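Note sheet for the following structure.
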Amino acid sequence: MRTETPRAIRLKDYRPATHLITHVDLNVRLDATSTLVTVKLKIKKNPASTQKSDELILDGEGLDLQQIAIDGTELSPKEYKTTPASLHIRKAPDAFVLTTTVAINPEANKALQGLYLSRGVYCTQCEAEGFRRITYFMDRPDVLSTYKVRIEADADEAGVLLSNGNPFERGNLDGGKRHYAVWKDPHPKPCYLFALVGGNLGSISSSFKTMSGRKVDLQIYVEHGKEDRAGWAMESLKRSMKWDEKRFGREYDLDVFNIVAVSHFNMGAMENKGLNIFNDRLILASPDKATDAIYQSIEGVVAHEYFHNWTGNRITCRDWFQLCLKEGLTVYRDQEFSADIRSRTVQRIREVRHLRAHQFPEDAGPLAHPVRPDSYIEINNFYTATVYDKGAELVRMLATIIGEDGFRKGMDLYFERHDGDAATIEDFLVCFEEATKSDLSHFKLWYHQAGTPRITCQTSYDEKRSTFTLDLEQDTPPTPGQSRKKAFHIPVRLGLLGSDGNVVKAAARSGSETFDPELIHLTKKRQKFVFESVPVKPIVSLFRDFSAPVIVDFARNDDELEFLATHDTDGFNRWQALNTLATRLILARIEKLKSKTPAPKTTGFIRALSTALNDSNLEAGFKAELLRLPSQMDIAREIGSQVDPGLIHKAHKQVSTVIGRKLGDQLETVYKSMSTTKEFSASAIDIGERALRNTALSLLAARGTDNDFKRLMKHYKSAGNMTDAANALFLLAGQGKAYSQPALDHFYRKWKKDHLVIDTWFAAIAQAPRSSTLSNIKRAIKDPTFDYFTPNKVRALIGSFAMHNPSQFHHADGRGYRFFADQIIHVDSFNPQLAARLLGALGSWSALEDSRRKMARTQLQRIAKSKGISRDVFEIVTKMIEPSES
């Protein structure tokens with residue numbers, strides 16, 4: 001283990017900045033290996049600062065300082081000093097203009113933070129702390145400045161020059177060999193929202209008329225030849241702008257809105273003011289090259305980044321501990337957008353699947369942290385499922401607690417009061433308290449306390465008194481640094497269902513307090529809720545629409561679950577009941593594999609599935625979700641400890657086979673009935689139909705007959721869109737070589753020249769649950785289409801293996817862990833942010849059975865002891881190891 005421990009940054013130590021930078025005049029002369037950045041900063045002392053020193057400290061990394069002056073007078077070496085991470089001006093005036101010129105090397109920047117080159121395009125990524133790699137600055141989100149940016153470049157090398165704000169001036173130099181563009185952003189912003197792009201790019205154009213009648217010019221820039229794949233993103237942008245006006249009253253505030261797609265990007269996208277930069281996989285789509293999942297991701301992420309214009313840009317976060325203020329809130333907004341324009345029930349199921357797959361394990365493991373963390377070593381490590389997804393669930397609970405009207409009033413007050421501010425969670429919540437005259441002091445605990453509450457439920461019915469009693473108890477397990485937990489305020493949506501599935505009207509109370517019988521509030525460790533005037537014993541539908549991010553322990557029998565799966569009027573809970581039945585079946589199969597117990601009965605589960613398939617009132621997308629089994633990761637989480645991924649894989653496969661065999665005729669009918677000839681559309685209906693058809697195909701293939709494999713191959717060869725082709729490819733890749741190799745070879749030959757589509761080939765190889773998979777991955781790494789410096793490639797091949805192939809990643813001989821550790825150490829040497837995020841795949845290693853746990857720990861220790869480990873990986877790996885060794 002390294003002996004020097006990076007310093008932790010703590011929320012309690014926050015102090016206002018010593019100085020303010022009110023205006024930035026930036027001049028950038030682009031060059032692949034020696035870009036010159038000259039900046040004039042208008043600086044003044046911050047009257048709110050509690051620090052009395054005259055010293056000014058600016059952040060800066062990897063900068064070659066060539067000039068420094070104050071108010072036009074060059075400084076002597078005695079008046080300043082530089083370190084690898086900062087510039088110190090020993091005695092700064094109260095107000096002055098600081099001029100610096102630095103040289104940077106975009107071509108050598110493989111960390112993809114700051115200014116770098118992506119397939120010949122200059123672009124920036126400044127969140128969280130990338131601006132310090134461009135110039136010396138106070139790189140913190142509470143320093144807000146207006147910007148004027150001049151970009152100069154060779155016209156042949158970079159015909160397009162973009163920055164934040166509105167275009168101000170452009171012109172030619174040296175007889176047209178060079179040119180420049182000037183951009184002005186009138187809205188004060190933190191430096192993490194700065195953006196610059198220079199390159200030879202194609203584009204598509206459109207416009208949007210705002211609710212006040214202003215015209216906004218819209219432009220999406222892509223690599224030449226790919227303009228025809230940007231149309232869906234443009235449509236998504238305009239839908240987002242219209243929705244935000246209608247739902248939240250938010251109008252766009254600049255004359256232009258630009259999006260640029262680049263292929264090298266550590267994140268999905270970035271909301272830079274007026275100039276969003278996107279990973280190109282989240283912009284480019286056409287039916288033959290992008291799956292339905294990609295279409296939906298593009299729609300959701302374009303919306304997310306646009307919605308940041310108000311929740312993140314106009315109102316930013318005071319410090320990085322408040323990251324959930326912009327991210328959790330904006331995730332909630334993009335989720336609501338998707339729910340409004342697609343299927344609300346299907347959208348909610350997908351959100352909860354994602355939350356349980358990524359955030360619940362985070363809460364249950366060594367990386368657990370509050371939605372607003374108390375400390376960090378590397379802020380890049382806190383772009384987590386807890387901050388984003390659990391953060392969104394907190395906003396959703398808030399809306400549930402105070403009601404839809406109250407939530408809108410609180411948001412309106414937040415926008416009005418904090419426009420132009422760097423705000424905190426407290427600033428946000430007090431707006432809702434004042435707007436609705438509510439006390440949210442108890443609710444605030446969700447932001448400070450880590451962990452997933454576990455709710456134990458018991459019920460009783462008194463026939464004589466016609467009362468139904470619901471006894472709820474909450475318990476939150478210890479997490480690192482928080483051994484004892486207080487009771488949360490948990491909103492519980494519910495319905496008491498009669499024999500026809502309809503909600504029985506009743507009156508609810510807990511002690512002397514009365515409640516809406518369909519929304520009760522669990523605020524203590526244990527509470528009893530009594531429902532009066534209940535004529536018959538009901539079946540309770542609990543946590544409808546997943547009203548709180550909790551785990552529910554409710555000892556229901558299979559008959560009750562089957563009833564809910566076929567009658568519940570809450571679509572989410574109908575799915576949840578069926579999912580619970582499926583989980584029980586898989587767990588029972590695991591016990592059978594371990595102890596040779598009799599095979600579990602599947603009658604009720606199969607009957608409920610059959611009923612759903614026959615229900616013409618259910619949308620196809622919802623049926624597809626009902627047919628999807630809980631993932632192998634879901635089952636591992638349910639088991640909790642001494643997890644054997646090999647047994648889970650076998651049991652999971654067996655249950656899929658049972659469904660395929662017992663519902664074979666119905667699945668055949670479903671498969672044949674879903675149209676394959678009509679023109680492609682990314683509508684909710686058409687995506688749902690393709691999802692149902694492909695889910696049916698998957699279950700039919702699970703039977704494993706030769707005819708099923710032939711159907712699978714036919715499906716692949718006749719696919720009229722990438723959704724069908726990719727689904728078949730992934731299924732074929734997991735079969736014997738006679739079926740897998742022809743499909744993989746065909747896909748490679750067809751798409752090897754498309755740097756985005758070929759990632760599907762990498763992922764199919766990586767996710768195949770076959771003993772040869774690791775060897776195939778190692779061969780794929782040597783393929784000329786693979787590039788370690790392109791994060792999408794690394795995620796598609798190495799990330800897919802670690803996250804989506806549990807049977808091979810957790811191979812009993814430890815080969816998966818050894819390979820993974822090799823990859824983490826290598827990637828960390830040039831892109832620490834990517835390496836640290838990949839490392840999260842081993843976040844639940846301590847829940848494995850003894851042999852695998854020992855092998856995983858050995859590899860984590862090897863990573864921790866590797867020479868030159870980054871701060872990013874150091875923080876993650878030590879948190880993983882130390883709780884188990886202390």
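The values are calculated or read from the model by the stated rules, or taken from the named source; none is laboratory data. Bear in mind that the values here come from a model prediction, so they are computed numbers and not experimental data. When we count neighbours, we look across all protein chains shown, and the Cβ atoms used for this are built from the backbone with ideal geometry, even at glycine. Calculation scope for accessible area: heavy atoms of the full protein, side chains included, ligands and nucleic acids excluded. Shrake-Rupley method; radii C 1.70, N 1.55, O 1.52, S 1.80 Å.
General remarks:
- Inter-residue pairs, beta-carbon under 6 Å, first over 13 Å from ALA733 (Cβ atoms) and in segment 768-785, second among the basic types (Lys, Arg) and open to solvent by 20 Å² or more (accessible area, probe 1.4 Å), 6+ apart: LEU774/ARG815; THR785/LYS752
- Taken residue by residue, segment 59-67 has no member that is touching a Lys or Arg at 6+ places or on another chain (Cβ under 7 Å), among the aliphatic types (A, V, I, L, M) and assigned to a strand (DSSP E or B).
- Selected residue (only one of PRO93, PRO47, PRO16 is open to solvent by 90 Å² or more (accessible area, probe 1.4 Å) and part of a loop (DSSP other than H, G, I, E, B)): PRO47
- Qualifying residue in segment 229-238 (condition: surrounded by fewer than 18 Cβ atoms within 10 Å (Cβ to Cβ), of a type in the set (Asp, Glu) and either more than 23 Å from LEU282 (Cβ to Cβ) or touching a Lys or Arg at 6+ places or on another chain (Cβ under 9 Å) (or both)): no
- Residue under evaluation ALA691, criteria (1) surrounded by fewer than 17 Cβ atoms within 10 Å (Cβ to Cβ); (2) within 19 Å of LEU712 (Cα to Cα); (3) not acidic (Asp, Glu), criterion not met: (1)
- SER641 farther than 26 Å from LEU542 by Cα and modelled with pLDDT of 95 or more: yes
- Residue match in segment 187-200 (condition: surrounded by fewer than 20 Cβ atoms within 10 Å (Cβ to Cβ) and more than 21 Å from GLY420 (Cβ to Cβ)): yes
- When LYS464 is tested against the conditions (1) within 30 Å of HIS567 (Cβ to Cβ); (2) open to solvent by less than 50 Å² (accessible area, probe 1.4 Å); (3) of a type outside the set (Val, Ile, Thr), the lone failure is (2).
- Selection count, segment 181-216, where residues are hydrophobic (A, V, I, L, M, F, W, C) and under 21 Å from SER236 (Cβ atoms): 7
- Put simply, of ALA802, ALA796, ALA856, ALA812 the only residue that is modelled with pLDDT of 95 or more, farther than 22 Å from GLN359 by Cβ and surrounded by 22 or more Cβ atoms within 10 Å (Cβ to Cβ) is ALA796.
- Just so you know, in segment 869-886 the residues that are open to solvent by 60 Å² or more (accessible area, probe 1.4 Å) and at pLDDT 95 or above include one that is farthest from PRO366 (Cα to Cα), and it is ARG871.
- Checked against the criterion of being at pLDDT 95 or above, of a type in the set (Ser, Thr, Tyr), open to solvent by 10 Å² or more (accessible area, probe 1.4 Å) and part of a helix (DSSP H, G or I), the candidates THR456, THR400 yield just one match: THR400.
- Qualifying residue in segment 584-591 (condition: of a type in the set (Val, Ile, Thr) and more than 24 Å from the chain's Cα centre (by Cα)): yes
- ASP389 satisfies every condition listed in (1) within 14 Å of CYS324 (Cα to Cα); (2) among the acidic types (Asp, Glu); (3) more than 24 Å from the chain's Cα centre (by Cα) except (3).
To keep it simple, each residue is scored yes or no on (1) loosely packed, with under 13 Cβ neighbours inside 10 Å; (2) under 20 Å from ASP288 (Cβ atoms).
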| site | (1), (2) |
| --- | --- |
| LEU667 | no, no |
| SER675 | yes, yes |
| LYS678 | yes, yes |
| ALA684 | no, no |
| LEU697 | no, yes |
| ALA701 | no, no |
| SER718 | yes, yes |
| ASN721 | no, yes |
| LEU729 | no, yes |
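- Within segment 300-327, the set of residues being more than 14 Å from the chain's Cα centre (by Cα) and either of a type in the set (S, T, N, Q) or part of a helix (DSSP H, G or I) (or both) comprises TYR306, PHE307, ASN309, THR311, ASN313, THR316, TRP320, PHE321, GLN322, LEU325.
- Matching residues, segment 414-444, being touching a helix residue (DSSP H, G or I) at 6+ places or on another chain (Cβ under 7 Å) and open to solvent by 60 Å² or more (accessible area, probe 1.4 Å): ARG417, GLU434, ASP439
- Filtered residues of segment 336-393 (kept if hydroxyl-bearing (Ser, Thr, Tyr) and assigned to a loop (DSSP other than H, G, I, E, B)): SER343, TYR383, THR384
- Elements of type strands (runs of 3 or more DSSP E) contained in segment 469-540, each with 3 or more residues being open to solvent by 70 Å² or more (accessible area, probe 1.4 Å), closer than 22 Å to ILE402 by Cα and modelled with pLDDT of 95 or more: none
- Breaking point among (1) closer than 18 Å to VAL39 by Cβ; (2) open to solvent by less than 10 Å² (accessible area, probe 1.4 Å), for GLU127: (1)
- All of ASP421, ASP439 fail the test of being acidic (Asp, Glu), out of contact with any His (no Cβ under 6 Å at 6 or more places or on another chain) and either touching a residue at least 40 places away in the same chain (Cβ under 8 Å) or under 28 Å from GLU299 (Cα atoms) (or both), apart from ASP421.
- Filter result for TYR817 (closer than 21 Å to ILE648 by Cβ, in contact with a helix residue (DSSP H, G or I) (Cβ under 8 Å, 6 or more places away or on another chain) and touching a residue at least 40 places away in the same chain (Cβ under 8 Å)): yes
- Cβ-Cβ under 9 Å pairs, at least 6 apart or on other chains, segment 732-751 side more than 22 Å from ASN707 (Cα to Cα) and open to solvent by 40 Å² or more (accessible area, probe 1.4 Å), far side in a helix (DSSP H, G or I) and at pLDDT 95 or above: TYR748/ILE758; TYR748/TRP761
- Only listed residue being of a type in the set (D, E, K, R), touching a residue at least 40 places away in the same chain (Cβ under 8 Å) and surrounded by fewer than 23 Cβ atoms within 10 Å (Cβ to Cβ), chosen from ARG132, ARG170, ARG140, ARG178: ARG140
- Residue in segment 700-707 that is touching a residue at least 40 places away in the same chain (Cβ under 8 Å) and part of a helix (DSSP H, G or I) present: yes
- Among the residues of segment 146-167, those that are buried (at least 21 other Cβ atoms within 10 Å of the Cβ) and among the small types (Gly, Ala, Ser) comprise ALA153, ALA158, SER163, GLY165.
- Residue in segment 257-267 that is within 30 Å of ALA48 (Cα to Cα), crowded, with 24+ Cβ neighbours inside 10 Å and either touching a residue at least 24 places away in the same chain (Cβ under 8 Å) or not aromatic (Phe, Trp, Tyr) (or both) present: no
- Cross-chain or 6+ apart pairs with Cβ under 6 Å, segment 632-644 first and touching a residue at least 40 places away in the same chain (Cβ under 8 Å), then hydrophobic (A, V, I, L, M, F, W, C) and not in a helix (DSSP H, G or I): ALA636/VAL643; VAL643/LEU848
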